[in-house]
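Undergrad: So that we are looking at the same thing, I have put the structure below in structure tokens.
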């Protein structure tokens, strides 16, 4: 007689089916780890939002009035209103000739020379993607990248610094205004094209 062993998936005489293998708990561990990471990012976002709101740039927060200034002088009121209304970012724009870069596929573009000045107490980001040109018909043109050789640079402007360059839109049109958005979701600043 030969010793024959039953196939591994067949019940063995007197023992029945083997017990099912134990399930690994790695799925739960990975799931809770991912949830923890997301929670950490949310917490960091909340803390950074609270810290950025307490930096002293709040428009609603008023500090104590200096005692050396006249209490009811009209010059004091006008200068404080002018200081509050001073934009944190100033943009000026003027029409300029399109200077085709090596990447331009035609001369069918319109360029505007812009100057961005940082009047705030924080560093701001300037990027060609943060600009749009509106023509005299009211059509908004997105900035076309690398078409004009004088394109405005992607820079971080420290307080008091400025940058000059061109913003280019596709097509031939007469530019009326240029808008700059401080970041992709920030407040837009508009400038009339002279």
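Undergrad: Of all residues being part of a strand (DSSP E or B) and more than 15 Å from residue 189 (Cα to Cα) in the range 120-141, which is farthest from the chain's Cα centre (by Cα)? Just the residue, please.
TA: Looking only at the range 120-141, we keep the residues that are part of a strand (DSSP E or B), and these are 124-126, 131-135, 140-141.
Still in the list and also more than 15 Å from residue 189 (Cα to Cα): 135, 141.
Values: 135: 24, 141: 19 Å.
So, considering only residues that are part of a strand (DSSP E or B) and more than 15 Å from residue 189 (Cα to Cα), the one farthest from the chain's Cα centre (by Cα) is 135.
Undergrad: Do you know which residues across the range 175-185 are touching a residue at least 40 places away in the same chain (Cβ under 8 Å) and surrounded by fewer than 16 Cβ atoms within 10 Å (Cβ to Cβ)?
TA: Scanning the range 175-185 gives 183, 184.
Undergrad: So which residues in the range 119-128 are under 17 Å from residue 93 (Cβ atoms) and surrounded by fewer than 16 Cβ atoms within 10 Å (Cβ to Cβ), if there are any at all?
TA: Of everything in the range 119-128, just one residue is under 17 Å from residue 93 (Cβ atoms) and surrounded by fewer than 16 Cβ atoms within 10 Å (Cβ to Cβ), namely 119.
Undergrad: Does residue 117 count as more than 24 Å from residue 87 (Cα to Cα) and part of a strand (DSSP E or B)?
TA: no
Undergrad: Still on this structure: Being touching a strand residue (DSSP E or B) at 6+ places or on another chain (Cβ under 9 Å) and closer than 16 Å to residue 92 by Cα narrows it down to one of 161, 149, so name that one.
TA: 161
Undergrad: For the range 155-188, how many residues are assigned to a strand (DSSP E or B) and either within 25 Å of residue 136 (Cα to Cα) or in contact with a helix residue (DSSP H, G or I) (Cβ under 8 Å, 6 or more places away or on another chain) (or both)?
TA: Selection size over the range 155-188: 15.
Here, each number is a calculation from the coordinates, and none is a lab measurement. If you're wondering where the values come from, they're calculated on a predicted model, not measured in any experiment. Don't worry about glycine lacking a Cβ; one is built from the backbone with ideal geometry, like all the others, and counts go over all protein chains shown.
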